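Accompanying notes for the structure given below.
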Amino acid sequence: MKSKKLNTKNVIWRSTRHAFLCLFFACSSIGFSQNTPTVKTTVDTTAIKIGEQIHFKIIIETDSTDLVIFPEGQTFSPLETVEAYKTDTTWKKDRITLQKIYALTQFDSGVYKLPAQRIEINGKAFFTDSLQVNVATVAVDTTAQKMYDIKPLIEVEKSSSEYWRLGLWIFGALLILFGLLYWFVIREKPLTEEEKVALLPPYDRALLELKNLENSKYLIQDEYKKYYSELTDIVRSYLEEDVKVSALESTTDQLINRLELLKDSGKLDLDKDTIIQFKRILQTADLVKFAKSKPETSVAEQDRKSVEQIVIKTKEAIPEPTIEELQEEAEYQEELARKKQKKKLVYIGITAAAAVLISIISLIAYYGFEYSKDTILGHPTKRLLEGEWVSSSYGFPPISLETPEVLIRQEVKLPPEAKAQIKEMQVFELNGEKGLISISTMSSSYTQEVEPDHEKAVEDFIKRLENSGVKNITTKQEEFTTISAVKGLKVYGSGKFKVPGSKELITGKYIVLSFGGKGFHQIVFLKYIDDNPYAKQIIDRILTSVDVKSAI
C-alpha cells in the first residue's frame, strides 16, 4: 500500500516537472522570438515607363537598443537611386519599427533585376528579396503630331546684363577718377596753419613770427644759435618782401649799406639810430652763429623787442605806393589767379582725357578693336543691327519676317505678256546705306491654280543679277524650312557686286528663298557685303524669322 502511494507521488512529480519544463522552454522560445529582428520589403509597382519612379520600402522591427545600418549610395544598380527619404521611426515599449523609402528609376527600357539589399543590425547581415522591374518605352503618336527636322543652330545675342556690367565698371572707374580730381584739384582745401601764416601780408607775418619766437623755448634750452638765426631770418624776409631789398643772401654790411642807400635816396624814411641799432643786432647774431658767443638772456629778449620795433618803424618808413605800383600789383595778382585757373583746367583736361582713354581701353578689351571702333565712329550696318527691329507681313499671299526697318512698297509694272499668267505682283524692299545690305520680298498670285516653277524662277533671278552687272556668280541650293515648318527652296552664293555710285566691284553674298503653292509664288531676296560682320548677323536673324503660308 505504501509502495503504491510512492509510485503515485512519483508519477505526479514527473508530470509536474514535465509540465514545468515545457512551460520554461515555451517562455524561452517566446522571449527569443521577440528579440529576433524582422526585415520586410514592399514596392509600390514593378512596371514603370522610362523616367518614372518606383518606391522601394524597407521595414525593420527590432530591439530599441540595436544599431541598424540601411543601404547607401547606388546599391540598387542597374536602377538609379533618385532619393533616399528620411527614416520613419515608431516606438512600442522596448521594440522599434524603422521604415525607409528609396525612390528608384531607369532611363532605358528593358527588364531589370533589383538586387537583394544588405542591412546590418548589430553587425549581423540581413538581406532583402530581389525583384524584377519592367521599364517600358513612351509611345509616340506620329499620326497626331508631325515630326520636324532639327532646327539649325543660331547665334544668340549677348545678354544685356553683360552690357550693364561693363557700363557699371566704366562708370565706377570714372566716378573714382572724377572724385580724385575734385578732392585734389577742384575742391577748396582747408589751409594748414603754416599756409595761413604764409598768406598773411609780410608785415603781419613778421609780427606773428616774432610773437611765436617770444613763446619759444630756445632760450630756456640754451639754444641761442637757433634763436638768433630765426630772429634775423624773420626781419630779413620782411625787408626782402616789403622793402624790396635783397636781404636773405646779403651779409650784415651789405644789407646795412643797401638800407642807407635807400634812406639817402628818399625811398625809405628810416632814422639813422634805427639803422645803427639794427646793425648791432645783426652783428650780435653773427657772433652767436659763427663765434659761438652767448649773450645774456635779457639781451637776447631785448634784441627780439628791438627787431619788432625795427619792423614797425620800417613799415611806417615805406612810402605809400603810387597808382602805377598799385596797378602793377593788381595785374600781378590777376596773373596769378589766371595761372591758377589755367592749372586747374589742365588737370581737368588730363582727367577727362584719361577717362575717355579708360573707356576706350575697356571697350576694346571687352568687345575687340573692330567693334569698339565701329561703336565710337559709327557704322551704318551696326546701327541697323542694334536698332529697333520691325516684325511685319508683306504682300499677298503674305511673307512674314523681322527686319531692321520697314520694307517699302515698290511700284511694279507687269509686261503685257506676263499679265496673262500673273494676276498681281507686290514687291517690298529695303536698301541699306551705301548698298551694304539689301532685303526684298515678292508675292505673286497667278490667274490659274498652277504650281510655281521654283527652278525657273531662280534661273531668271540669276540672269537678272548678271544683267545688272554682277560678276563671278556662284550658286548652291538646298531645302529651307520656315519657323512654321513650310518647306521651300534656298539658293545662295557669292559674286562681285557693284558699289552704288561707283564702278568698283566688291565681293558680296546673296540668298534667294522660293515658296509657293497652287496659284501663288513667294520670293525673299537678301544681299550683303561679304566682309561686313554686322550684315551677316542681320541676314541670319532675318532667316530665323521668315514664315509664309502654304495655301491661300
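The values are calculated or read from the model by the stated rules, or taken from the named source; none is laboratory data. The shown structure was predicted, so the numbers you read here are calculated from the model rather than taken from an experiment. In this analysis, Cβ positions are derived from the backbone assuming ideal geometry, glycine residues included, and neighbour counts consider all displayed protein chains. Areas reflect the complete protein model, heavy atoms only, side chains present, ligands, DNA and RNA absent. Shrake-Rupley method; radii C 1.70, N 1.55, O 1.52, S 1.80 Å.
For GLU316, state whether it is part of a helix (DSSP H, G or I), open to solvent by 90 Å² or more (accessible area, probe 1.4 Å), closer than 30 Å to ASP264 by Cβ and modelled with pLDDT of 75 or more. Yes: the conditions hold for GLU316. When restricted to residues that are open to solvent by 100 Å² or more (accessible area, probe 1.4 Å), assigned to a loop (DSSP other than H, G, I, E, B) and modelled with pLDDT of 90 or more, the stretch 188-220 contains 3.
Looking only at the stretch 221-239, residues that are open to solvent by 70 Å² or more (accessible area, probe 1.4 Å) and in contact with a Ser or Thr (Cβ under 9 Å, 6 or more places away or on another chain) come to 1 in all.
A search for C-beta distances below 6 Å between a residue of the stretch 453-468 that is within 13 Å of LEU513 (Cα to Cα) and any residue that is open to solvent by less than 90 Å² (accessible area, probe 1.4 Å), counting only pairs 6+ apart in sequence or on different chains, returns HIS454/LEU489; HIS454/SER514; ALA457/SER514; VAL458/VAL491; VAL458/VAL512; PHE461/VAL512. Kindly indicate whether any position in the stretch 405-416 is more than 21 Å from LEU543 (Cβ to Cβ), of a type outside the set (A, V, I, L, M, F, W, C), open to solvent by 30 Å² or more (accessible area, probe 1.4 Å) and modelled with pLDDT of 85 or more. Yes, the stretch 405-416 contains at least one residue that is more than 21 Å from LEU543 (Cβ to Cβ), of a type outside the set (A, V, I, L, M, F, W, C), open to solvent by 30 Å² or more (accessible area, probe 1.4 Å) and modelled with pLDDT of 85 or more. Among the residues of the stretch 98-115, what is the count of those that are polar (S, T, N, Q) and open to solvent by less than 40 Å² (accessible area, probe 1.4 Å)? Counting residues in the stretch 98-115 that are polar (S, T, N, Q) and open to solvent by less than 40 Å² (accessible area, probe 1.4 Å) gives 2.
Looking only at residues of the stretch 46-75 that are charged (D, E, K, R) and open to solvent by 70 Å² or more (accessible area, probe 1.4 Å), we find that the one that is nearest to the chain's Cα centre (by Cα) is GLU52. Just one of the listed residues (THR507, THR475) is at pLDDT 80 or above, within 40 Å of the chain's Cα centre (by Cα) and among the polar types (S, T, N, Q), namely THR507.
Checking the conditions here, which among ILE523, ILE483, ILE506, ILE538 is β-branched (Val, Ile, Thr) and part of a loop (DSSP other than H, G, I, E, B)? Result of the check over ILE523, ILE483, ILE506, ILE538: ILE483. Could you check, for the stretch 132-154, whether at least one of its residues is out of contact with any helix residue (DSSP H, G or I) (no Cβ under 8 Å at 6 or more places or on another chain), under 18 Å from GLN74 (Cβ atoms) and either at pLDDT below 60 or open to solvent by less than 100 Å² (accessible area, probe 1.4 Å) (or both)? Yes, the stretch 132-154 has at least one match. In a residue-by-residue description of the stretch 38-45, the property of being open to solvent by 70 Å² or more (accessible area, probe 1.4 Å) and modelled with pLDDT of 85 or more applies to at least one position. Close Cβ contacts (under 6 Å, 6 or more residues apart or on different chains) running from residues in the stretch 279-301 that are surrounded by fewer than 16 Cβ atoms within 10 Å (Cβ to Cβ) to residues that are part of a helix (DSSP H, G or I) and hydrophobic (A, V, I, L, M, F, W, C) comprise SER293/LEU287. When LEU261, LEU270, LEU239, LEU255 are checked against the criterion of being hydrophobic (A, V, I, L, M, F, W, C), within 13 Å of VAL311 (Cβ to Cβ) and either under 60 Å from the mean Cα position of the chain (by Cα) or part of a helix (DSSP H, G or I) (or both), a single residue qualifies: LEU239.
Considered as a group, the residues in the stretch 76-94 that are of a type outside the set (A, V, I, L, M, F, W, C) and surrounded by 14 or more Cβ atoms within 10 Å (Cβ to Cβ) include one that is farthest from LEU131 (Cα to Cα), and that residue is THR81.
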